[in-house]
Each structure stands twice: as C-alpha cells, then as structure tokens.
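Okay, so here's the structure we're looking at.
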Amino acid sequence: MKTVRIFFTGVGGQGNVLASKLLGEAALLSNIPVVLSEIHGMSQRGGVVESTAVIGGALSPVIADGEADILMAFEPLEALRALRKIHRKSVIIVSTAPLPPSSVATGQCAYPDVKGIPDFLAAKAARVVSLDARKEAEKAGNPLGVNMVMLGALFATGALPISKDALTEAIRKGTKPAFLEKNLACFERGVETASGRK
Amino acid sequence: MSILLNGKPGEKALLMGNEALVRGAYEAGLDFASCYPGTPSSEVSTLLFGLQKKADFYMEFATNEKVATEAAAGAALAGLKSMTALKHVGLNVAADPLGTLSYMGVRGAMVIYNADDPGMFSSQNEQDNRYFAQLFNVPMFEPSNAQEMKDMTVAAFALSQELGMPVIVRSTTRVAHMRGPVVFGPVSPAKKQTYFERAPKDLVSLPANARVMHVRLLERMKNAAETSEKSPFNRVEGEGTLGVITSSASVPYVLDAIRDLGLSGKVATYCLGMTWPLPEKGLARFLSGKSKVLVVEELEPWLENAVKAVAQAHGLNMPIRGKGTAGLLTRLSEYDPALVRAAIAEYFEVEDIFPDKVDASDCPPLPVRPPSLCAGCPHRMTYYAAKKAAEGLDVIFPNDIGCYTLGFMPPLQMADTVLCMGASVSVPAGLGYAVRESGQKILAFIGDSTFFHSGMTGLVHAVFNNHKFTLVILDNQITAMTGHQPSPAMDPQAADGNLTPVDIEAVARGLGVKHVQVVRPTNLKKTTAAIREALEYDGLSVIIAREPCPLSVKRHLGKQKAVKFAVDQEKCTKCRACISTFACPAFFVDNETIRIDPTLCAGCAVCVQVCPAHAIKPAKAD
C-alpha cells in the first residue's frame, strides 16, 4: 500500500491532535498500518500545534519538509507557515477563518491578506479545498467541532484509503458521548461542504 | 483511559509512547511510583496518578526527581516493583541517588523512565542522557516505537528483578509523543506490600561496603552484557555487505530510507533496543564482513564511539562514520526521515529521492505565533505590578522554569537569567555579591512547584549568608506547565483529605526570612506597593503572589468567571496601554479600535485597573 502522509497544523485549542488521533483510530479499525506524532511543549499557550498521521506502511511518524501528501491547516496563516511540508502533488485542506496571533492582535505585525490565501495555496499544490470550518461547525451546532468539520472535508477529498464508516466509528469511540451527535453533524457538514467544492 | 488497565492480552490499541510505557509498567506488576513531572515524560506521571484508584499500584507526586528516585528506591529496596519517570534534566537532579543506587542494587525491581528532548521542544538543553547509563553502570533500553515502549518496559522490570539493579528506559520526545498500535500482553499481579529484610552490608553505602558493592556491580553488568547479547531487542533487519547501526527515534527513519532508496538486500541494519551494556560480540559479528558502516543516532556520537572501539578491539578496519556524514548528521537537534535518508544516500553512494518541494519564496511575511501567558494568568498581573514597583530602580530579574518563564516575552520582559529549576533563588547570592557596589537590586521569580522542587535550599542559603534580594513566589497552587499536576502549594480544599498542602508563607518564615508578605496579584496597586516595599527593605524579602491558575480552576473545578469585559469605545483613548504594557491575549486591534475577545476573556477584571481612561467595563449580556 502506498504511504499517505498527512500533516495537521493549527492553533492550541482547535483540536488538531484529536483529529489526527481519530484518523489513526479509523486506520487501525481498517487494519491499515498507521503511526502518528504530535508536538506538545509550550503549544498549549496559544502557540502553533502540529501533529501527523502516516498511514499505509512507512514506519516514521515524523514528516520531513516536502513530504506531506495532505496538509490539514486549521487556520489560514498556519497553512502558509506549513507550506514547507508539502510537495507539488499535495492536497491542502484549509479553514479560512483566521485566528490572529498576539503579534497581529497587538498591532506589531500584519496578518497576510486572508482572502488571497486560498488562491496563493492553489498555485502551489495540486488541489486546495478551502472552507470556513468555524462557520460550518457553528452551523452544525458545535462551535468546538472545527476538527470534525476538517475530518469530514479530508474524507471528501477521496485522498484517504479509509472508509466513512471507519471514520464515523472512530468519532463514535473517541469523543465524548454528550458531543457525539453534534460531532457527527460537524463531520457530515465537512463532507458536504468539501464535496460541493470538488 | 482505562484501556491501559482493561486491555486484554492480544488486544490492540493505538497508544502514545508514554501511554504504552504505563501499560508496560502495569503488565510488569508495578507496585509503587513516584514522579516529578517533566515534559516529554509528563503524561506518565499524570496517568499513573489517575489510574492508581483502579489499579493495585500506588503513585505519588514527589517534590523533585531526587526525592522521587529515592522514594522509588525505598520501595524497591523493600522488595516491591517501583518506578519513576523524569525528563532528561530531571535525571541531573536524580543523579545523586542513581549513582549509588546502582552500587546498592534493588531487591524488587526499579525502572527509571527517562525522556530526552532533542530539539528542545520544551527544555533548556538537549543533553544526551545515554551517558548516565554508562556513567553509573545502569542497564538501558531504548524503544523506537509505541509497541517497544510497552515491551521494553516489561523487559526492563524483568531484567531489574533478575539482576537486582535499577534499569533505565530512555526515550526521546518523538518516541514519547508518537502514537502507534500496541498489542497488549498479560498483566502480572502487583505484590502491593512486603516486609523489609535487614541487610546493612548490602544497603549501607559506607566506604568499606561500597567497595564490595562496586565489585558486585561490575559482575552484574557482566550478566547484563550477556542479556544484551541475547536480547531480541537487538536485532538485525535486512542483509547486505553495507551496514547501518542505529537506535531510538532514528530506527524508523533508517528502515524507511533503506526501503525507499532501493537498498534492501544491500544494507543490513542493526537496530539496538538494549543499548547499555552494548552487545559487544553482536556488534563485532555484525561489523565483520561489512565493507562500510554508518552509525545513525541523534545528539552525541555515543554509539559511534562505542562501535569504533569494538571494531578496534576486534581488529576490524572498515570505514565507520557517524557524526558529520554528508554534513547532515550533526550533534544538534532531532533528525527527520529526509535528513537520515540523505545521509544514507550519500554515504552509500546512491541517488537520493528529492521531494518535489514547493517554492514558497513569494509567501508574504508571516507573523510569528509565540506562546504567551494565558488570558487571566496571575503571573502577568504579578509581573505587571513588579515592573511598576521597579520603576526608577535598576533591577535584575533572575527567573526560573515554569509557565512564568514566558514573562521573558515582550512587553513584560521580566527574565534576565533562567538557568535550571530553583536557580533563581541561588543565583542572586553570587550575582548580588558581584553587583554590591553597582546600585543594582535583585528581584527574583519562582513558581510554587519549582520553589518546593529546589528553591527552598537556596532560600536557606540566602538567609544563612545574609543575602539581600527580593524573591517573588508565583503561587498558582499547581504545577501548571506540565499539565496541572498537584503541587504541595495546592488549595487545602482541593486536596480532598488525601494530601497535606504545605503553607509557603510558614515555610519562608520557618527558613528564617523576616520580611514575608502574601499578596493577591489581582489587586495591582497592593501588589505593586508590597513589591516596592520589599525592594526597599534592607535584607532578604519574600513576596508570595497567590492566585490559582484559571485554566486549572476551569478544568478541575468546572468554574469559570461568568462576567466578561469589554472596551467602552466612547471612553477609550486608544492609548493601547492594555496591549503595550499588560498584553493580555484577549485584547486585539480591529481597524484601530481596541476590543476584547469575549471567547478569550477570563473575567479577571485586572485590565480595568490597567486602563488609564477607565474604559474597560463588564460586557453587557446579549
């Protein structure tokens, strides 16, 4: 099986580590080899959080520069920062809702032109799926479900050797029962939104 | 998380390296654990603490790694299976007991889980702790994935029990924080308690006894070397006349690279899982017949030097390279799959696979996203007050290790030195002596958990030697940085009767400090006045700035302040004092208008005291 490397990036609190973990669980349920990695450290204090999922047979959980087949960017600025990770045939899934870092919020630095980011990314990668995951999560009734929307969008790209059943089963097993229904709704919302933009 | 306890033999689960280690300890029949948290090992302590309620082992948080190691040694000397988990610099603190515990040996079993941090994701240095195993004659396992984390932990306990000596399991950030499938094994029952059999000659390290112990230690290491020769964790993958020797996080990078470079059948890889003592005979066997050999390891050339020594001893003279290969295998930071692949390609003279990287040179400048003190963080309040208190004075700020080290960042910039845990209390001794005629004053900072870890001895030193400086103890009543583990400074109400909190004020007074004041940093005026008074006091002074970590209050007690605050735009003069001096991350500039993000606002109301225009008010309910 061909190895697929997925690089997740976002900001502390967006749940990208959980998203990579659920993807890993779905791979495990599907008997597909999987390894994951995540970087904690000081990332909980508003910094960048990165995690990876490598499925299909490679043993290294770490993704070197230029070797991510899929970039899951939970925030547009972080998509730009993670460009070093992708190659020309990569698929990028990017949420367009900006979370300005403190350096921007306090007026020390400027945030790049948000509206131009999807086009900028499109010129670099084979395919870009952009969606406002925060808005979609809110519409689905769980503003904290950005990671579920992103997982749905990832599935919709068809770039994964993993079924929808396996992903929803992983969500069922790996998220709190009180949020399950809304998380599944967020996932579906992500699938629909991304499918509409193929 | 109960899968770690409930998982049946043969069952498979996706586990983080640190989780797998906990499962391994549980399978081995762990009785007792004591830890001081340190990333990347922190999850182990948190998991053990939480799981003990449903398991037969007991776990306690220690005040520091030395205490934890000695506590675990006590249990193992009495015949129990014990462990501690620490980060690489934590082993510096625990080096004293470990150096002699190896002489004494243990009677149950004892495992020290040590997590190194190449790349310094959350550490002050990237020292290579494999040298400790060699220095102290302690056998060492080095897992390279989650399954091995579990399996080698089980093996480490077994070896410790068999040889009667402590054993190290060493990981790195990548191994500790990777996730992979782990197949569970059977669980051995814990012994839970025992009777201490006296054996003073074995357990009292007086010189006369220690000389005998040293001889015994070397005999045990001989037996350990035999185990290493036969260990299934030291295995050769593939075959060929070219060779790679590797261990730890580099193992998967090497194996992936050999496959991807089409070197299968040409390069054999010796994957070392038990790295101390090294399988010397196994290495000699592996080397003989190889035309050239590459050693791939992160950090220091520890393995490389050992392999070269083995080759010399066996009269083998094929080229053996490691550090410096292709200019890539450096002693700095962590490696990654592409870096290791490039080094292997160059050394074995095959074409590398270059990923089709994208050209991002036209990317606009990207604003940095540094971590910062959270909204509502009491450390920001104390720093703000301290900065005000220091106005007009020439003040040096020795600082320490914890969330509050982020006070280094602008605009607070309240750290002039950060050395290691506890050093902010001891550095002022020599620093103060050096600058005694310069007119400079010293205002040092330390967190509550770090104070108990290694600040108290420095404070006694300061009292004893009449040093004059001010120490601010940033008491948020928890070990916040590593994930909110209990601190001895915890709120007595939260202690639940199982723990006995220790009053820092009583400690400071008991240690002989005459000027001690407790303040609530939420009151900036009073805090500023107290710190100013302390700075002007002719002697040693301690200020305890006490306010619980709001994240911990929210997570553990489910409490959150209901009132959020907002900027009254009619009153706001856009002076930006809230941003440029206080820098709470809930503030943002929206087209020249200053606003507060209600989703971030913690409701602490301290910015109300900061705003010179009195423009910050409770937000109206929607």
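Distance in nm between label sites at B:Met409 and B:Ser333, each 7 Å beyond Cα in the beta-carbon direction?
Going from the B:Met409 label point to the B:Ser333 one covers 2.1 nm.
Any idea which of B:Leu332, B:Val310, B:Ser552 is furthest toward the positive side of the dipole for chain B, if Lys and Arg beta-carbons carry +1 and Asp and Glu beta-carbons -1?
B:Ser552
For the protein assembly as shown, compute Rh as the Kirkwood radius over C-alpha pairs and then the Stokes-Einstein diffusion coefficient at 20 °C and 1.002 mPa s; write the answer in µm²/s, rounded to an integer.
Calculated translational D: 75 µm²/s.
Quick check on chain A: helices-only [θ] at 222 nm, where DSSP H runs of length 4 and up contribute -39,500 (n - 2.57) each and the sum goes over total residues. Nearest 500, please.
Only helices count here, giving -11500 deg cm²/dmol.
Where nothing but the Cβ of Lys and Arg (+1) and of Asp and Glu (-1) is charged, how large is the charge dipole of chain A around its Cα centre, in debye to the nearest 20?
Using Cβ point charges on Lys, Arg, Asp and Glu, chain A gives about 200 debye.
At 10 °C and 1.306 mPa s, what whole-number value in µm²/s does Stokes-Einstein give for the translational diffusion of the stretch A:145-195, with Rh from the Kirkwood sum over Cα pairs?
The Stokes-Einstein estimate is 151 µm²/s.
Compute the long axis of helix B:42-51 from its Cα atoms, compare it with the longest principal axis of the Cα atoms of chain B, and write down the angle in degrees, 0 to 90, nearest 10.
It is inclined by approximately 90 degrees.
At a Cα cut-off below 12 Å, give the aspartates and glutamates reachable from B:Lys66, other chains included and same-chain residues fewer than 8 away excluded.
B:Asp96
How shielded is B:369-381 by partner chains, expressed as the average number of their Cβ atoms within 10 Å of its Cβ atoms?
Mean number of neighbouring Cβ atoms from other chains: 4.
Please compute the Kirkwood hydrodynamic radius of chain A from all pairs of different C-alpha atoms, in Å with one decimal.
Value: 16.5 Å, from the Cα pair sum.
Counting helices only, and only those DSSP H runs with n ≥ 4, report the 222 nm mean residue ellipticity of chain B as the sum of -39,500 (n - 2.57) divided by its residues, in deg cm²/dmol to the nearest 500.
-10500 deg cm²/dmol
Can you classify the stretch B:236-282 as rounded, prolate or oblate using the Cα gyration tensor, where a ≥ b ≥ c are the square roots of its eigenvalues, rounded means a/c under 1.5, and otherwise it's prolate if a/b beats b/c and oblate if not?
Oblate is the answer for the stretch B:236-282, as a/c is 1.5 or above yet b/c matches or exceeds a/b.
If one computes the Cα centroid of the stretch A:179-198 and of the stretch B:46-100, what distance in Å separates the two points?
For the stretch A:179-198 versus the stretch B:46-100, the Cα centre distance is 46 Å.
Student exercise: in the stretch B:235-347, how many lysine pairs 8 or more apart or on different chains have Cα atoms under 21 Å apart?
The number of close lysine pairs in the stretch B:235-347 is 10.
Counting other C-beta atoms within 10 Å, and keeping those with at most 16, which DSSP coil trypsin sites (Lys or Arg not before Pro) do you find in the stretch B:382-475?
The qualifying sites are B:Arg436, B:Lys468.
Which peptide among B:101-114, B:589-602 comes first, and what is the full order, when sorted by highest mean count of other Cβ atoms within 10 Å?
B:101-114, B:589-602
Given charges of +1 on the Cβ of Lys and Arg and -1 on the Cβ of Asp and Glu, with all other atoms neutral, how large is the dipole of the stretch B:346-410 about its Cα centre, in debye to the nearest 20?
940 debye
For the stretch A:1-107, which trypsin sites (Lys or Arg not before Pro) are in a loop by DSSP, counting at most 10 other Cβ atoms within 10 Å?
A:Lys2
Mind sorting B:Phe132, B:Phe157, B:Phe348, A:Phe8 by how few other Cβ atoms lie within 10 Å of their own Cβ, fewest first?
B:Phe348, B:Phe132, B:Phe157, A:Phe8
How much FRET efficiency would the formula 1/(1 + (r/R0)^6) give for B:His515 and B:Asn317, where r is the Cβ-Cβ distance and R0 is 45 Å, rounded to 0.05?
Computed FRET efficiency for B:His515 and B:Asn317 comes out at 0.05.
Return the aspartates and glutamates within reach of B:Lys191: Cα separation strictly under 14 angstrom, same-chain partners fewer than 8 residues apart disregarded; answer none if there are no such residues.
The qualifying aspartates and glutamates are B:Glu27, B:Asp31, B:Asp56.
Whole number please: convex hull volume per residue, Cα atoms of chain B, in Å³.
200 Å³
Output the pairs from A:Lys135/A:Lys176; B:Lys87/B:Lys201; A:Lys21/B:Lys564; A:Lys21/B:Lys561; A:Lys2/A:Lys176 with a Cα-Cα distance over 24 Å in this structure; if there are none, say none.
Beyond 24 Å: B:Lys87/B:Lys201; A:Lys21/B:Lys564; A:Lys21/B:Lys561; A:Lys2/A:Lys176.
How large is Rg over Rh for the stretch B:3-230, taking Rg from the Cα atoms and Rh as the Kirkwood inverse mean of 1/r across Cα pairs?
My calculation of the ratio gives 0.95.
Mind checking the full-extension length gain between A:Val114 and A:Arg127? Use 0.36 nm per residue of separation minus the Cα-Cα distance, one decimal, nm.
Answer, rounded to one decimal: 2.9 nm.
When the Cα centres of the stretch B:148-187 and the stretch B:485-518 are compared, how far apart do they sit, in Å?
Computed from Cα coordinates, the inter-centre distance equals 36 Å.
So, with +1 on the Cβ of K and R and -1 on the Cβ of D and E, and no other charges, what is the size of the charge dipole of chain B about its Cα centre, to the nearest 20 debye?
Using Cβ point charges on Lys, Arg, Asp and Glu, chain B gives about 1160 debye.
Need the C-alpha centroid separation for the stretch B:209-274 versus the stretch A:23-94, integer Å.
Each part reduced to its Cα centre gives a spacing of 30 Å.
What are the trypsin sites (Lys or Arg not before Pro) within the stretch B:509-560 that DSSP puts in a loop, where the Cβ has at most 12 other Cβ atoms within 10 Å?
Sites meeting the loop and neighbour criteria: B:Lys514, B:Lys559.
How large is log10 of I(q)/I(0) for the stretch B:565-618 at q = 0.14, 0.18, 0.24, 0.30 Å⁻¹ when the intensity is taken from the Debye formula with one equal scatterer per alpha-carbon?
So the normalised log intensities are -0.27, -0.47, -0.89, -1.53.
Taken together, the values in this text are just the output of simple stated rules run on the coordinates, not laboratory data. Nothing here was measured: the structure is a model prediction, and the numbers come from that model. Every residue, glycine among them, receives a Cβ derived from its backbone with ideal geometry; neighbour counts consider all protein chains shown.
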